[in-house]
1. For the stretch 337-390, rounded, prolate or oblate, judged on the Cα gyration tensor with a ≥ b ≥ c (square roots of eigenvalues), a/c < 1.5 rounded, else prolate if a/b > b/c?
2. Just the number, please: percent antiparallel of the DSSP beta bridges in the chain, rounded to the nearest 5.
3. Convert each backbone phi in the stretch 202-209 into a coupling constant with the Karplus relation 6.51 cos²θ - 1.76 cosθ + 1.60 (shift: θ = phi - 60°), then list the ³J(HN,Hα) values in order as whole Hz, x for Gly and Pro.
4. Please list, in chain and number order, the residues 5+ apart from residue 34 or on another chain whose amide H is under 5 Å from its amide H, with Hs placed from the backbone.
5. Subtracting the Cα-Cα distance from 0.36 nm times the residue separation, let me have the gained length for residue 156 to residue 3 in nm, one decimal.
6. Between beta-carbons, use under 14 Å as the cut-off and find the net charge around residue 61, counting Lys and Arg +1, Asp and Glu -1.
7. Suppose the chain between residue 128 and residue 261 were pulled fully straight at 0.36 nm per residue; how much longer would it get relative to their current alpha carbon spacing?
8. Taking only the alpha-carbon positions of the chain and ignoring solvent, what does the Debye formula give for the base-10 log of I(q)/I(0) at q = 0.07, 0.12 Å⁻¹?
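Coordinate-derived values only; no laboratory data. Every value quoted in this text rests on a predicted model; they were computed, and no experiment measured them. Backbone-built Cβ (ideal geometry, glycine too); neighbour counts: all protein chains shown.
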Amino acid sequence: MSTTLFTGISELVTSDGDPSGGDVERLGILTDAAVVVDDGRVAWLGPAAQAPAADVRRDLGGRSVIPGFVDSHSHLVFAGDRAAEFVARMTGAAYDGGGIKNTVDATRAATDDALRALVRHRVEEMRAQGTTTVEIKSGYGLTVEDEARILRIAAEVTPEVTFLGAHVVPPAYAGDRAAYVDLVTGPMLQACAPHARWVDVFCEPNSAHAFDGEESRVVLEAGRAAGLDLRVHGNQLGPGPGVQLAVELGAASVDHCTFLSDDDVAALAGSDTVAGLLPGVEYSTRMPYVDARRLLAAGVQVALATDCNPGTCNTSSMPFVIALAVREMGMTPAEALYAATVMSAKSLRRADIGRVRVGGPADLAVLDAPSYLHLAYRPGVPIASVLPTH
Ligand code: NIG
Ligand code: FE
């Protein structure tokens, strides 16, 4: 194995310390830096002037290097699109989860190979924008066979696979919701658990299609008993029990958090559950942006992710999410980058990714810009991509 010295790095962000509270230096910023990669791992980092020799030398020409983004919430295994729903929302239609059935129909009709090609294309699209780890949920199958095959296909591209059979109650079960919960927590879970690390539920009493607090509890507890760790979609469309349930059950994350009471914020702050904020959803559903300052001020652990899906947010772009977080949610650029790397990794209970560290994986993104500040400063400009390290 040969070693590669990356030099010409105007700014290296390591994400080594939490910058919330305004201490940008804690983000871990080195100017005029160099990095040595050996067999996919960071072997050395520091000032360019002190860089050791290596087999291969690559000059990045004054670009910046940051930890690859960790996208801790996506629904990449789907077929079809729902652009018409998006357009209707832009002129006033509300989102209620009812459109999910259209994606379920299209996904069930797609062959394994067609779905595989779609997922691989979307993962490539993410990498082209700097994402090195992605979590992928099921949820567009809603039968034992279709959920299991979605998870199998997801597991081909990531270890962070989430069983979301409890995405919505399929129309055929509308008159007997309990029967669908029984299916999800029985045969579906049994078929799906071997392919997944996580279980998730769309806990949303404000949608006739999603699950209320008690149904969600049953799903999460069954998932845990089957060996899965917990994630929750909570408080997306209105106030609800999702956040409190996630905290009570020790979920790794509760995502959306668009409508939070003061009690919800206090519960999150006193817990190890990360609040996963998904501002692309607010953009695409015209919901209010989350006041991230309120959460950070209370001591809540905040992550950012895309939620890439055909209904509420069809973007694969973590830079877009960062730009929204800075412009609309009151986060500093440093906090937003930290939330998109270290904290998003934390929401996956992963301490090995999200930072640039000697001994850690060389999951790096390069920015065609002199500073990470350009992620928010140059919205929509494709400056970020994964740095090829071998
Ligand atoms: O995270 N809220 C539930 N699930 C997805 C949307 C799914 C869809 O509309 O297709 C979300 O927003
Ligand atoms: Fe989601």
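1. Working: a/c = 2.51, a/b = 1.44, b/c = 1.74.
Oblate, since a/c reaches 1.5 and b/c is not below a/b.
2. On the way: 23 of 54 bridges.
Restricted to the chain, the bridges split so that about 45 percent are antiparallel.
3. 3J(HN,Hα) across the stretch 202-209, in whole Hz: 8, 8, 7, x, 7, 10, 5, 8.
4. The answer is 46, 48.
5. Numbers: separation 153, 0.36 × 153 = 55.08 nm, distance 2.83 nm.
Result for the pair: 52.2 nm of gain on full extension.
6. Working: positive: 57, 58, 63; negative: 11, 32, 59, 368.
So the environment of residue 61 carries a net charge of -1.
7. Numbers: separation 133, 0.36 × 133 = 47.88 nm, distance 3.75 nm.
Once the chain is fully extended between residue 128 and residue 261, it gains 44.1 nm.
8. Relative scattering, expressed as log10 I(q)/I(0), comes to -0.30, -0.87.
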